[in-house]
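**Student:** Have a look at the structure that comes next, please.
The values are calculated or read from the model by the stated rules, or taken from the named source; none is laboratory data. Everything numeric in this text was worked out from a predicted model, so none of it was measured. With ideal geometry, Cβ positions are generated from the backbone for all residues, glycine too; neighbour counts draw on all protein chains shown. Side chains are part of the model used for accessible areas, which takes the heavy atoms of the whole protein and leaves out ligands, DNA and RNA. Shrake-Rupley method; radii C 1.70, N 1.55, O 1.52, S 1.80 Å.
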Amino acid sequence: MTQDLAAFAAERGIKYFMISFTDLFGGQRAKLVPAQAIADMQAEGAGFAGFATWLDMTPAHPDMLAVPDPSSVIQLPWKPEVAWVASTCVMEDQEVAQAPRNVLRKLIGEAAEMGLHVKTGVEAEFFLLTADGAQISDEYDTASKPCYDQQAVMRRYDVVREICDYMLELGWGPYQNDHEDANGQFEMNWEFDDVLATADKHSFFKFMVKSVAEKHGLRATFMPKPVEGLTGNGCHVHVSVWDAPGEAASTNVFASAGDGPTGEVGLGEQGKHFLGGIMSHASAMAAITNPTVNSYKRINAPRTMSGATWAPNTVTWTGNNRTHMVRVPGPGRFELRLPDGAANPYLLQAVIIAAGLDGIRNQSDPGKRHDIDMYAEGHKVRGAPKLPLNMLDALRAYDKDKGLKAAMGEEFSAAFLKLKQQEWDDFVSHFSRWEKENTLDI
């Protein structure tokens, strides 16, 4: 039964709703709607000019209506009179095909038709910087190997505790928080869930972390590589597939012991082929999992101060080994280590499903399992593709991958490629200080 948002507001003392959607670049857009008006908005949607956001529209397009999805509603723990709700973007009674949440919902439906229900968990890393974003906020956080630093995490206890308290209050099942591998960097983990719920939570988590940081006079960033020489912000995704959604799930259809490189680590035939799809589409996927110019300063970085980038640069998979693009840490699931903090929460999950379903349909093989340390011995691997060197290479790889483009939706793919190409063109038209320092006297 669909939840009545007006009744929800009356019961919870909510005065305003943030009707939210995420655009192609991951920008979170919202209108603040008084609770007295939410009944009409739930029926008809809040109007937006799509051209004013990163969607491929013009000022001549009619209103895009964001129809709130009441299953996603979250009362803001730090401002309980406000509730956030994700929405379905509609124009002239048709769902907007390029809207990221709609892209994901379409692919969830395709998976369900195959009897597959994807569950994921994300590890969204972030930095806490000074309010102006110029430097790490903790002047004492200077260790060369700061990961799990006990003193450093406690110096930011007030921020970390507040966010974790809110996740506990929301019932997300947070289970660990830590100082990550870079100075000023943190990671907070919560339980995995159905893929749409995870994407909604991921979107809200970014909003919540930024809001709490601002409250404490700091700035949180999920930028892939905000500090030169330090480990970047990854957004690792743990993927499993089940026989039913939600609590009805009883069988992990990926899990199976057996022979061969995948069976030995606990992936059955469905898991093997799903992983095969990820491996075969990885270079094209990077356009979505690593969607900014800055992304490629993380996955193609030289050794960081801690001694490792913790990011892949080659399309390889392994068992419980963090130096590869895909890690299988235990039976029935795998960890995709390619994505970074700039990844759109909805497109990230969508492209994983798109690639995985294609792998199942075509019975794709993931190829050889490599159990070596890729950082020390990666040069020994023959035949494995290198990941794109920059955003333009990733966009070109995506454009050439007709199967993945079709799976994600032709309208979405055309809009995404058009706007991202414009972003690349804008970047290369920028003249940097480095160019003058290295070219002025030639």
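**Student:** Is the range 343-359 home to any residue that is part of a loop (DSSP other than H, G, I, E, B) and open to solvent by less than 10 Å² (accessible area, probe 1.4 Å)? Full working, then the answer.
**Tutor:** Pass one, the range 343-359, residues part of a loop (DSSP other than H, G, I, E, B): 343-344.
Next cut, open to solvent by less than 10 Å² (accessible area, probe 1.4 Å) only: 343-344.
Looking through the range 343-359, at least one residue is part of a loop (DSSP other than H, G, I, E, B) and open to solvent by less than 10 Å² (accessible area, probe 1.4 Å).
**Student:** Now, a different point. Scan the range 382-391 and tell me whether some residue there is assigned to a helix (DSSP H, G or I), among the hydrophobic types (A, V, I, L, M, F, W, C), crowded, with 16+ Cβ neighbours inside 10 Å and within 28 Å of the chain's Cα centre (by Cα).
**Tutor:** Checked against the condition, which is being assigned to a helix (DSSP H, G or I), among the hydrophobic types (A, V, I, L, M, F, W, C), crowded, with 16+ Cβ neighbours inside 10 Å and within 28 Å of the chain's Cα centre (by Cα), the range 382-391 yields at least one hit.
**Student:** Can you say whether residue 348 is in contact with an Asp or Glu (Cβ under 9 Å, 6 or more places away or on another chain) and modelled with pLDDT of 95 or more, as far as the supplied structure shows?
**Tutor:** Considered against the rule, which asks whether it is in contact with an Asp or Glu (Cβ under 9 Å, 6 or more places away or on another chain) and modelled with pLDDT of 95 or more, residue 348 comes out as no.
**Student:** While we're here: Within the range 360-375, can you find the residues that are of a type in the set (D, E, K, R) and either closer than 17 Å to residue 313 by Cβ or open to solvent by less than 80 Å² (accessible area, probe 1.4 Å) (or both)?
**Tutor:** Across the range 360-375, the qualifying residues are 369, 373.
**Student:** Okay, moving on. Which number in (1) open to solvent by 10 Å² or more (accessible area, probe 1.4 Å); (2) under 20 Å from the mean Cα position of the chain (by Cα) marks the one condition that residue 328 misses?
**Tutor:** Every listed condition holds for residue 328 apart from (1).
**Student:** OK, next. Cβ-Cβ below 7 Å, separation at least six or inter-chain, first residue in the range 69-84 and more than 20 Å from residue 198 (Cβ to Cβ) and in contact (Cβ under 8 Å) with a residue 60 or more places away in the chain, second open to solvent by 20 Å² or more (accessible area, probe 1.4 Å) and part of a strand (DSSP E or B): which pairs?
**Tutor:** Qualifying pairs under 7 Å: 81/16; 82/16; 82/18.
**Student:** Residue by residue through the range 393-403, note down the ones that are open to solvent by less than 50 Å² (accessible area, probe 1.4 Å) and farther than 19 Å from residue 311 by Cβ. Can you show your working first?
**Tutor:** If we filter the range 393-403 for residues that are open to solvent by less than 50 Å² (accessible area, probe 1.4 Å), which is where we start, we get 394-395, 397-398, 401, 403.
Hits for the range 393-403 are 395, 398, 401, 403.
**Student:** Six or more apart or on different chains, Cβ atoms under 8 Å: show the pairs whose first residue is in the range 137-153 and on the phi > 0 side of the Ramachandran plot and whose second is modelled with pLDDT of 95 or more.
**Tutor:** 148/178; 148/179
**Student:** Can you report the number of residues in the range 213-254 which are under 25 Å from residue 322 (Cβ atoms), of a type outside the set (Phe, Trp, Tyr) and in contact with a Leu (Cβ under 9 Å, 6 or more places away or on another chain)?
**Tutor:** 11
**Student:** Let me ask something else. How many residues are among the charged types (D, E, K, R), closer than 25 Å to residue 351 by Cβ and open to solvent by 50 Å² or more (accessible area, probe 1.4 Å) when one looks only at the range 18-75? Before the answer, list the steps.
**Tutor:** Of all residues in the range 18-75, those among the charged types (D, E, K, R) come to 23, 29, 31, 40, 44, 56, 63, 69.
Filter once more, so that each one left must be closer than 25 Å to residue 351 by Cβ: 23, 29, 56, 69.
Okay, now just the ones that are also open to solvent by 50 Å² or more (accessible area, probe 1.4 Å), so 29.
Qualifying residue count for the region: 1.
**Student:** So, residue 302, is that one open to solvent by 10 Å² or more (accessible area, probe 1.4 Å) and either over 15 Å from residue 388 (Cα atoms) or not hydrophobic (A, V, I, L, M, F, W, C) (or both) or not?
**Tutor:** Against the criterion (open to solvent by 10 Å² or more (accessible area, probe 1.4 Å) and either over 15 Å from residue 388 (Cα atoms) or not hydrophobic (A, V, I, L, M, F, W, C) (or both)), residue 302 qualifies.
**Student:** Given the options 187, 125, 162, 139, name the one that is touching a helix residue (DSSP H, G or I) at 6+ places or on another chain (Cβ under 8 Å) and among the charged types (D, E, K, R).
**Tutor:** 162
**Student:** State yes or no: is residue 85 part of a strand (DSSP E or B) and over 21 Å from the mean Cα position of the chain (by Cα)? Can you show your working first?
**Tutor:** Working: part of a strand (DSSP E or B): yes; over 21 Å from the mean Cα position of the chain (by Cα): no.
Judged against the criteria, residue 85 is not a match.
**Student:** Is the range 404-412 home to any residue that is of a type in the set (Gly, Ala, Ser), surrounded by fewer than 17 Cβ atoms within 10 Å (Cβ to Cβ) and part of a loop (DSSP other than H, G, I, E, B)?
**Tutor:** No, that holds for no residue.
**Student:** Right, next: State all residues of the range 1-17 that are among the basic types (Lys, Arg) and either part of a loop (DSSP other than H, G, I, E, B) or open to solvent by less than 90 Å² (accessible area, probe 1.4 Å) (or both); if no residue qualifies, say none.
**Tutor:** Within the range 1-17, just 15 meets the criteria.
**Student:** While we're here: Would you mind listing the strands (runs of 3 or more DSSP E) fully within the range 106-218 where at least 3 residues are at pLDDT 95 or above and buried (at least 21 other Cβ atoms within 10 Å of the Cβ)?
**Tutor:** Qualifying strands (runs of 3 or more DSSP E): 117-130, 185-190.
**Student:** Under 6 Å between Cβ atoms, which residue pairs at least 6 apart in sequence (or on different chains) link something in the range 249-262 that is open to solvent by 50 Å² or more (accessible area, probe 1.4 Å) with a partner that is among the acidic types (Asp, Glu) and at pLDDT 85 or above?
**Tutor:** As it stands, the answer is 251/243, since those pairs meet every condition given.
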